[in-house]
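Read-outs throughout are calculated quantities, based only on the coordinates presented, and are distinct from any laboratory measurement. What you see is a predicted model; the values in this text were computed from it and never measured. Here the Cβ positions follow ideal geometry from the backbone for every residue, glycine too, while neighbour counts run over all protein chains shown.
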Amino acid sequence: MAQNELADHCVELLSPLGAARSRRMFGGHGIYVDDLFVALIAYDRIFLKTDEETRPAFVAAGCEPFVYDAGGGKQVSLGYWSAPAEAMDSPAQMAPWARLAIAAALRARAAKPPAARRKASAVKSAARATPRKPKAAAPRTKASRRG
């Protein structure tokens, strides 16, 4: 299956859980549900977001981790695992796996500092910076007033 077709199929599988969409990235696709990044497509497979809480279910189902070659023989594994083969057959069969991915993505987002907190920090830093003094205006001479 071509990668765009696979991305469309995966969006269709995930759409019962929310507004699903795909976006091309890193030679593959990222899959979002309600603007939450929950999966990626690479190597002609979908890999769903996992964490310490959800990973055991994927391991028990015989799924495989997403691993890529970072160069120099170094293999990097991210927190994404393949979906079980039968989950690719219908939205109903994908739903429990997608719910696990959504839960993991929500926990990951909750663990990050809120954007408002980061923005407030930047504002405080800017407030501590010494403001520049405005340049003094040049004195007006009689010649400059005439003209």
Mean Cβ-within-10 Å packing, highest first, puts peptides 30-36, 55-61 in the order 30-36, 55-61
Under 5 Å from the placed amide H of A20, counting only residues 5+ away or on other chains, we find D34
Taking 90-97, 20-27 and ranking on average Cβ neighbours within 10 Å, highest first, one gets 90-97, 20-27
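Once a ≥ b ≥ c are taken as the square roots of the eigenvalues of the Cα gyration tensor of the stretch 1-89, is the result rounded (a/c under 1.5), prolate (a/b larger than b/c) or oblate (a/b not larger than b/c)?
Numbers: a/c = 1.62, a/b = 1.22, b/c = 1.33.
Verdict is oblate for the stretch 1-89.
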Listed by chain and number, the residues whose amide H is under 5 Å from that of T50, excluding neighbours fewer than 5 places away on the same chain and using placed H, are Y80, W81
Shape call for the stretch 1-53, from the Cα gyration tensor axes a ≥ b ≥ c (a/c under 1.5 means rounded, otherwise prolate when a/b beats b/c, else oblate), comes out oblate
Residues whose built amide H sits under 5 Å from the amide H of A42, excluding neighbours closer than 5 in sequence, are F47
Under the Karplus relation with 6.51, -1.76 and 1.60 and θ = phi - 60°, whole-Hz ³J(HN,Hα) for the stretch 30-43, x at Gly and Pro, equal x, 10, 10, 10, 6, 6, 10, 6, 10, 7, 9, 10, 8, 6
